[in-house]
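The numbers here are math on the coordinates, done by the rules we state, and not lab data. Quick caveat: nothing in here was measured; it's all calculated off a predicted structure. Here Cβ is always computed from backbone atoms with ideal geometry, including for glycine, and neighbour counts include all displayed protein chains.
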Amino acid sequence: MSVEPISPLAPLGVAAALAAESNPSITPHPRIWDEFQLSDRVGLVTGANRGLGLEMALVLLEAGARAVYCIDLPAEPGEEWQAVRAYAQRMRSGARLEYVRQDVTDQAAMWEVAQKVADKEGRIDIGIAAAGIASAGKNCLDYPADEFRKALDINATGALFTAQAVGRQMDRLGTPGSIIIVASVAGTITLKDMKTIPYNTSKSALLQLARSMACELGPKRIRVNTVSPGYVCTKMTGLFIESQPSVSAHWSSGNPLGRIATPDEMRGVIIWLSSDASSFCTGSDIIVDGGAHSW
């Protein structure tokens, strides 16, 4: 059975308590956990063969999503993805983790993938653009044109095509939806002592991309927000830390909590933005950086 998002006009919280007070037949029922449920919903997550994208795909299933489609470049999913799918199957909820090979920089192909998912599932409720690459170590005055364009193409243009792909299906089917674009604190501050001009530039572009789409899609009940993580210890960043051991201490000292985040610490904000609990949040950037912005 399809579960529609809770109406913003439905009595919740204090309004529900007042309604119950005037109608003794109403049995009080805590609604807050219902608002976070993703029962029967369908998600599409790019960059989800591993790392943050895969973490985000899994938490959608844990919150009750019927199916989550993981989009990434490898012809076959890796061992990490296979392990997560097996874990999801052991939850015995019937939820499915699916893998689709696709390049996020191919607009027509991304639109086609999303349409096939929507046709098969009857809906797409959540789209997360998590595909991206990092680059560092080259002086801004000498940065090669092809490498700069590649970073913008994958990180920014790929996010646009992903948001377009899921948004078109939400609009076609009349399904209220949530689009989440994974940006970075590098979109609002410059990473200290890091030569990452294409990464910083592309992540900054995502903030305005999301705000602009949020303004256009709001009347269609499609919300668009960004999540900006600080330093997170993934396999990709782990390799970078191994090559430059001093980086770990540098990153850890860059926030009041004094450490690097783990991927699972992004789960809460993703569920909140994906669910009805954030029904009045759009065009926002949610920063998860251990307080680094406070300094």
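Structure data summary
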quantity	calculated
Binned Cα-Cα distance frequencies in the range 123-264 - 10 Å width, integer %	11, 37, 31, 16, 4, 0
Gap separating the Cα centres of the range 64-133 and the range 137-197, nearest whole Å	19 Å
For the range 131-189: relative contact order, % (alpha-carbon pairs under 8 angstrom, 6 or more apart)	31 percent
Among G230, P263, S212 the positive-end extreme of the charge dipole of the chain (Cβ point charges)	S212
The chain, helix-only ellipticity at 222 nm - DSSP H runs n ≥ 4, -39,500 (n - 2.57), divided by all residues, nearest 500	-12500 deg cm²/dmol
Convex hull per residue volume in Å³, alpha carbons only, for the range 26-83	85 Å³
Listed residues A67, S93, G78: farthest to the positive end of the dipole of the range 55-110 (Cβ charges)	S93
Reciprocal mean inverse distance between Cα atoms of the chain - Kirkwood radius, Å	19.9 Å
Furthest towards positive pole of dipole, Y199, W251, G47, structure part the chain, Cβ charges	G47
Which of T162, T27, T201, T175 has the fewest Cβ neighbours within 10 Å, and the rest in rising order	T27, T201, T175, T162
Relative contact order of the chain, pairs being alpha-carbon contacts under 8 Å that are 6 or more residues apart, as %	18 percent
Highest to lowest packing among 225-233, 183-191, 284-292, scored as the average C-beta count within 10 Å	225-233, 183-191, 284-292
